[in-house]
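Participant: First, the structure itself, so that you have it in front of you.
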Amino acid sequence: FSSTFTGERRPKGDRVFEALGTTDELSCAIGLARELSSEKGHAFVGQLHKVQCMLQDVGSNIATPLSSAREAHLKRTSFSEEPVLELEKWIDRYSEQLPPLRAFILPVGTARATR
């Protein structure tokens, strides 16, 4: 068992902790991408950092189940739609720069493959 932000005890296999783990894994992958991008001098490194910060806010919200949240919990873990809208603008802007996608892109599992 582990505790949510509200103090509620739940089994470690609960969907809240599954979602938190998945969010943390995404942040780690973005952190690796950020490091490798920084080494190459890419301009979007700051945006990757900002996405990681957004994911921290998402994690706080996930860790606050509505079933046990008081108003104070909800106030501390809420966030506006602004980060989502900003992220969507970035996606649109970068998508416009890409050639048309003609095949699926499969991710690989090693840092060496990204170099």
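The values are calculated or read from the model by the stated rules, or taken from the named source; none is laboratory data. These numbers come from a predicted model, not from an experiment. Here Cβ is always computed from backbone atoms with ideal geometry, including for glycine, and neighbour counts include all displayed protein chains. The area values use the complete protein model at the heavy-atom level, side chains included, leaving out ligands, DNA and RNA. Shrake-Rupley method; radii C 1.70, N 1.55, O 1.52, S 1.80 Å.
Participant: State the number of residues belonging to the range 53-103 that are under 18 Å from PHE5 (Cβ atoms), open to solvent by less than 60 Å² (accessible area, probe 1.4 Å) and of a type outside the set (A, V, I, L, M).
Facilitator: Number satisfying all stated conditions: 7.
Participant: Can you name every residue in the range 15-60 that is farther than 26 Å from SER80 by Cβ and either part of a helix (DSSP H, G or I) or in contact (Cβ under 8 Å) with a residue 12 or more places away in the chain (or both)?
Facilitator: Those that are farther than 26 Å from SER80 by Cβ and either part of a helix (DSSP H, G or I) or in contact (Cβ under 8 Å) with a residue 12 or more places away in the chain (or both): LEU32, GLU35, LEU36, SER37, SER38, GLU39.
Participant: I want to confirm something. Restricting to the range 21-44 and keeping residues that are under 23 Å from ILE62 (Cα atoms) and of a type in the set (Ser, Thr, Tyr), which single residue is most open to solvent (accessible area, probe 1.4 Å)?
Facilitator: Among them, the one singled out is THR22.
Participant: Consider LEU106 carefully, then state whether it is surrounded by fewer than 10 Cβ atoms within 10 Å (Cβ to Cβ), modelled with pLDDT under 95, out of contact with any helix residue (DSSP H, G or I) (no Cβ under 8 Å at 6 or more places or on another chain) and farther than 20 Å from ALA29 by Cα.
Facilitator: no
Participant: Next question, about the same structure. Looking at the range 64-87, which of its residues are under 17 Å from GLU8 (Cα atoms) and of a type outside the set (S, T, N, Q)?
Facilitator: Of everything in the range 64-87, those that are under 17 Å from GLU8 (Cα atoms) and of a type outside the set (S, T, N, Q) turn out to be PRO65, LEU66, ALA69, ARG70, GLU71, ALA72, HIS73, LEU74, ARG76.
Participant: Then there is this: Test HIS49 against the criterion of being of a type outside the set (D, E, K, R), surrounded by 13 or more Cβ atoms within 10 Å (Cβ to Cβ) and under 11 Å from the mean Cα position of the chain (by Cα), and give yes or no.
Facilitator: yes
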